[in-house]
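The values are calculated or read from the model by the stated rules, or taken from the named source; none is laboratory data. This is a predicted model, so every value here is computed, not measured. Quick reminder, even Gly has a Cβ in these numbers, built from the backbone with ideal geometry, and neighbours come from all protein chains shown. The protein model used for the area step is the full one, side chains on, heavy atoms only, and it has no ligands, DNA or RNA in it. Shrake-Rupley method; radii C 1.70, N 1.55, O 1.52, S 1.80 Å.
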Amino acid sequence: MTDQTKTESPINHAPSSGFAKEIEQEPGGEGIMKCIQCGMCTASCMVASMTERYRPRKLIQKILLGKREEVLTSELPWLCMTCKLCEERCQEDVDLSQIFTAVREIAAREGYVPPVFQNTIEKVLEDGWMLNDAYTDFEEDDRSDLGLDPDLGWNNEFTKKIKKRYFKGGDAK
Ligand code: SF4
Ligand code: SF4
């Protein structure tokens with residue numbers, strides 16, 4: 001019987017689809033072919049423990065099988081919290097969070113950002129807050145009680161910087 005340690009594992013175990021090769025070329029996606037579909041990532045994942053819809057092993061499998069459109073149009077790759085717990089436990093050192101980041105990069109380039117994330121960034125660009133009504137009258141009162149400035153106008157400066165740094169047409173001076 002051979003001693004199957006991490007260092008002795010072969011590099012590529014999986015069938016490689018065109019989509020898997022595309023992910024492999026994307027920064028962060030390099031290790032996808034090492035996956036042996038053992039399922040340890042799903043067993044370790046907190047998001048997977050909250051919803052049966054999210055199964056990191058299955059997502060990797062779909063990439064390996066070339067289900068490009070299904071993966072890119074799905075909101076599931078966006079649910080990874082990049083906690084890296086799965087990566088700590090993966091015997092093949094597959095960087096799942098990086099792979100899902102690579103998937104999201106391609107999806108974003110092709111216009112497949114899920115509406116909930118799109119709405120969030122639009123809200124941030126509008127007034128600097130991630131949620132509607134995130135800053136309420138109550139918080140304003142609380143800040144006054146604590147002797148803090150209730151005017152969060154500085155958030156507009158933050159918004160301008162974000163637009164200038166990451167978006168075309170930013171009007172930051
Ligand atoms: S733990 Fe690693 S090898 Fe196992 S299914 Fe997940 S990514 Fe693949
Ligand atoms: S990095 Fe993503 S897939 Fe891995 S355990 Fe954390 S949330 Fe789950």
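Counting Lys and Arg as +1 and Asp and Glu as -1 over every other residue whose Cβ lies under 15 Å from the Cβ of residue 71, the net charge comes to +2. For residue 117, neighbours were defined as the other residues whose beta-carbon sits under 14 Å from its Cβ, and their charges (Lys and Arg +1, Asp and Glu -1) total -1. When +1 charges are put on Lys and Arg Cβ atoms and -1 charges on Asp and Glu Cβ atoms, the dipole computed for the range 9-109 relative to its Cα centre reaches about 280 debye. Using Cα centres only, tell me the gap between the range 68-104 and the range 114-129 in whole Å. Cα centroid to Cα centroid, the span is 22 Å. Solvent-accessible area of residue 139, all protein chains in place: 70 Å² (probe radius 1.4 Å, heavy atoms, ligands and nucleic acids excluded). Tell me, what is the FRET efficiency for residue 83 and residue 149 to the nearest 0.05, using R0 = 35 angstrom and their Cβ-Cβ distance as r? So, using R0 = 35 Å, E works out to roughly 0.50.
Over all other residues within a Cβ to Cβ distance under 11 Å of residue 149, the charged ones net out to -1, with Lys and Arg as +1 and Asp and Glu as -1. Estimated from the Cβ-Cβ distance and a Förster radius of 22 angstrom, the FRET efficiency linking residue 73 and residue 46 is about 0.35.
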